[in-house]
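This report refers to the structure that appears directly beneath it.
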């Protein structure tokens, strides 16, 4: 919230508290379909929807349908746009929306890469638009309460954080030859600002999450929520300046993103381990989790106690394990209303997840993935040596190995991939020092001419 307050003035025609906010929803799959309900209330109305798959529109009675999002953005009576496309469209759709004079709500992760995320922030500033990130837990009272107590010194100095998302998934299948997109899909439009790669997945929708041309893996899909929580709770307005990632995709399928991954980062002396797992754990066990059981979330270790918190709430404890605080949550159910109120007021200072906040939290996901992508197969002793200065990272590595053993993964045939320690410059938003050239190639992608994210927004 502190970051967004810097840009609190959004001079434009203020709608007024009782005026209707007209909404256009771009992307009408599972999340977009839900948004059609969430934004079709409380003084707003969804009047248009757009999806590159013509079969996925029509979820809102009476709403205008445009397969091409550019046609929706030409509608003069739309005040704000809700973007729930695949990740590779998030930033460009938001930039086009703000250039068209609309306010924008952008689903997480707000960008497909760090560079285009910054361009989205620049667009919000230039066009003076209200732009909210879809990390809805920013509007949840649980992490907000924990943040207040951390700031007030209730737990003393923060020592380290373990952030995890644990949830079993299934392989996406193995194709030998590409398949045609569904007849209802305009594939040129669906691919948009990234390569029109052959479709190598059995399920066209959703499984793009696990292919880097379109998605950002579980780190960007679910990890971003708890990463944003830890940034909120600790009051960070930037991101760590170094990162190491370890893991692999332990399935023989068409997916590319790791399904078992942990990243170690450091921010002003506070070490953070982000732990993402999609393999099952032992029956009745902890799913391989460290500290948080099968639930995942954030474990924040401090000098005088610790906090365990996830979606829905958590608690604080003293060093003897006695509960000293209860943080009741609701998952951020008021997030859409928070955005709508800011649009009506023409003022982004009340946003809980202003786009700069969303960009930074998403950037941490990108750092973790980039650190893994520049890695190589590495034996256990070398991995241990690279993380030896942090006990939590070693515990996580042991836990992950035990979980792989339970799943009968042969690490001789499918070894861990580990990256070198990368150094990141927060201001320049690029990597520096050793291995920077290799890492910086992932900071942005090359857009196609008619769908390019502009250098100058």
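The values are calculated or read from the model by the stated rules, or taken from the named source; none is laboratory data. The structure presented is a predicted model; accordingly, all values stated were derived computationally and were not measured. With ideal geometry, Cβ positions are generated from the backbone for all residues, glycine too; neighbour counts draw on all protein chains shown.
Odds and ends about this structure:
- Residue check, residue 16 at pLDDT below 80, surrounded by fewer than 15 Cβ atoms within 10 Å (Cβ to Cβ) and part of a loop (DSSP other than H, G, I, E, B): yes
- Matching residues in the stretch 19-51 - criterion: being over 29 Å from residue 188 (Cα atoms) and either at pLDDT 85 or above or in a helix (DSSP H, G or I) (or both): 19, 20, 21, 38, 40, 44, 45
- Out of 345, 371, 363, one residue alone is crowded, with 16+ Cβ neighbours inside 10 Å and in contact with a strand residue (DSSP E or B) (Cβ under 7 Å, 6 or more places away or on another chain). It is 371.
Results for (1) in contact with a strand residue (DSSP E or B) (Cβ under 9 Å, 6 or more places away or on another chain); (2) closer than 24 Å to residue 250 by Cα; (3) surrounded by fewer than 18 Cβ atoms within 10 Å (Cβ to Cβ), shown as yes or no for each residue.
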site: 328; (1), (2), (3): yes, no, yes
site: 336; (1), (2), (3): yes, no, no
site: 359; (1), (2), (3): yes, no, no
site: 395; (1), (2), (3): yes, yes, yes
site: 418; (1), (2), (3): yes, yes, no
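- Test: residue in the stretch 102-112 that is surrounded by fewer than 24 Cβ atoms within 10 Å (Cβ to Cβ) and either in contact with a helix residue (DSSP H, G or I) (Cβ under 8 Å, 6 or more places away or on another chain) or not assigned by TED's automatic domain parsing to the domain that holds residue 394 (or both): no
- Residues satisfying the stated conditions in the stretch 421-450, i.e. touching a helix residue (DSSP H, G or I) at 6+ places or on another chain (Cβ under 8 Å) and modelled with pLDDT of 95 or more: 421, 422, 423, 424, 429, 430, 431, 439, 442, 443, 444
- Restricting attention to the stretch 143-182, the residues that are in contact with a strand residue (DSSP E or B) (Cβ under 9 Å, 6 or more places away or on another chain), in a loop (DSSP other than H, G, I, E, B) and in contact (Cβ under 8 Å) with a residue 24 or more places away in the chain add up to 8.
- Within the stretch 67-142, strands (runs of 3 or more DSSP E) holding 1 or more residues that are more than 21 Å from residue 349 (Cβ to Cβ) and free of Cβ contacts under 8 Å to residues at least 60 places away in the same chain: 80-83
- Helices (runs of 4 or more DSSP H) fully within the stretch 328-406 that include at least 2 residues being over 28 Å from residue 111 (Cα atoms) and out of contact with any helix residue (DSSP H, G or I) (no Cβ under 7 Å at 6 or more places or on another chain): 380-386, 391-406.
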